[in-house]
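The values are calculated or read from the model by the stated rules, or taken from the named source; none is laboratory data. In this text, all values refer to a predicted model and were calculated from it rather than measured experimentally. Here Cβ is always computed from backbone atoms with ideal geometry, including for glycine, and neighbour counts include all displayed protein chains.
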Amino acid sequence: MNTEIVHSIHDIEPAEWERLAHRTGNLYTSHRWLAGEEDDPTAQPAYALVRDSSGTLLAAAPLYLVHDEPNTNYRPAADPAPRVIAGGRRGYHNAPLTEPDLSQPGRRMVLEDLRDTIRTFAHGHGTHHWWPYLTRTAADQLGPLYPRRPDVVEDDATITLTGHGFDGYLAGLSSKRRVVVRRERAAFADAGHTVRILPLSDCYAEAGRLLALLQTSHGRAGDTEDVMVKVLHRQAEAMGRHARVVGAYQDGRMTGFALYYHYGHTTWLRAVGIDADRAAPFAYFNLTYYLPIEDAYRNHTTALHVGMKALTAKRLRGARTSPLYHLHDTPAAQPDRPDLPGSAHLSPSPGAVQ
């Protein structure tokens with residue numbers, strides 16, 4: 001095996017990276033998303049690669065040497081705290097990329113090489129690394145390669161979309177919940193707000209204002225309008241037409257929005273913002289769930305990823321949950337290896353840019 005570190009995703013052919021990333025189906029390790037994250041000044045990106053003797057990419061992971069982490073959910077509670085994040089740094093959904101056709105022994109071997117490459121990178125910067133928000137499959141694959149077992153930190157929610165349209169989604173709910181959903185949709189529609197689907201590039205300033213309103217209402221004082229507009233502008237430039245917004249408007253003014261992406265077989269909900277004083281009844285549920293679900297069916301995805309937090313509301317709307325894990329490669333790690341346990345709770349505020 002041959003291993004290397006490169007310092008920009010642009011040094012890796014998109015098709016080569018996407019051959020692994022798209023089959024994994026995780027938006028937050030896609031080539032385009034990672035390219036956009038390179039503009040974030042709070043961390044230095046790098047990419048660990050494992051290739052076979054012919055040069056074929058078998059495993060990869062983005063790395064971030066963090067200078068200043070503005071998101072408290074990506075600040076590890078470890079002593080000493082690692083400064084290198086392995087895998088995606090945003091989105092609360094993480095896994096290493098591996099060639100899907102590898103045998104189990106082959107996958108373990110390339111992941112060992114990936115781990116060693118990341119360790120060397122981290123040690124070269126006087127620190128160690130950690131994997132935040134790993135899926136269960138990723139935790140099962142990586143856990144045996146580290147002296148310290150993964151810890152559960154949060155549950156992640158996804159709504160499976162069956163059938164061929166919104167009626168297919170409704171069919172998966174109980175009869176009682178179908179009545180509630182229909183009532184919420186009807187009340188929203190009766191309010192007469194105009195609904196538009198448009199690229200984020202056309203509305204990032206309006207969306208940033210609404211996102212800031214929701215964030216500050218949940219105690220995130222640092223998420224000002226200026227900060228949120230800049231975040232969404234950077235995302236709009238990086239993701240182009242892939243950044244889709246469903247917005248509600250009254251008298252030409254946006255009263256609520258949801259930002260999402262169709263990637264792989266999944267529609268990924270990214271952020272929601274609401275003007276509580278002007279929003280239509282049940283605007284949050286319509287913009288967060290029902291309208292993105294309609295667009296998901298139109299684009300032939302089979303799931304809506306709705307992430308962490310507010311899990312009761314998500315389960316009531318058909319979501320199933322699965323655990324996410326942190327895995328630390330710390331100097332103080334002890335070689336205990338029982339089943340994966342639960343641990344501390346970390347989560348973003350509702351509507352947060354994930």
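What the table below lists for this structure:
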| quantity | calculated |
| --- | --- |
| Candidates ARG253, ARG278, filtered to the one that is basic (Lys, Arg), out of contact with any Phe, Trp or Tyr (no Cβ under 7 Å at 6 or more places or on another chain) and surrounded by fewer than 16 Cβ atoms within 10 Å (Cβ to Cβ) | ARG253 |
| Residue in the stretch 18-34 that is surrounded by 23 or more Cβ atoms within 10 Å (Cβ to Cβ), among the small types (Gly, Ala, Ser) and over 30 Å from VAL272 (Cβ atoms) present | no |
| Check on LEU114, closer than 26 Å to ASP156 by Cα and either surrounded by 19 or more Cβ atoms within 10 Å (Cβ to Cβ) or among the acidic types (Asp, Glu) (or both) | yes |
| Matching residues, the stretch 286-318, being not small (Gly, Ala, Ser) and not in a helix (DSSP H, G or I) | ASN299, HIS300, THR301, THR302, LEU304, HIS305, VAL306, MET308, LYS309, ARG317 |
| Residue match in the stretch 279-291 (condition: over 26 Å from LEU161 (Cβ atoms) and not polar (S, T, N, Q)) | no |
| Scope the stretch 130-169; condition buried (at least 19 other Cβ atoms within 10 Å of the Cβ) and within 25 Å of ALA313 (Cβ to Cβ); matching residues | PRO132, TYR133, LEU134, VAL153, GLU154, ASP155, ASP156, ALA157, THR158, ILE159, LEU161, TYR169 |
| Residues within the stretch 115-126 that are over 20 Å from GLU38 (Cβ atoms) and in contact with a strand residue (DSSP E or B) (Cβ under 7 Å, 6 or more places away or on another chain), tallied | 1 |
| Matching residues, the stretch 1-56, being part of a strand (DSSP E or B) and of a type in the set (Val, Ile, Thr) | THR3, ILE5, VAL6, VAL50 |
| Top-ranked residue in the stretch 181-228 [being of a type in the set (Val, Ile, Thr) and without any contact (Cβ under 8 Å) to a residue 24 or more places away in the chain; ranked as nearest to TYR284 (Cα to Cα)] | THR216 |
| Some residue of the stretch 154-161 being in a loop (DSSP other than H, G, I, E, B) and modelled with pLDDT of 95 or more | yes |
| Some residue of the stretch 275-282 being assigned by TED's automatic domain parsing to the domain that holds ALA207, modelled with pLDDT under 95, in a strand (DSSP E or B) and more than 29 Å from PRO147 (Cα to Cα) | no |
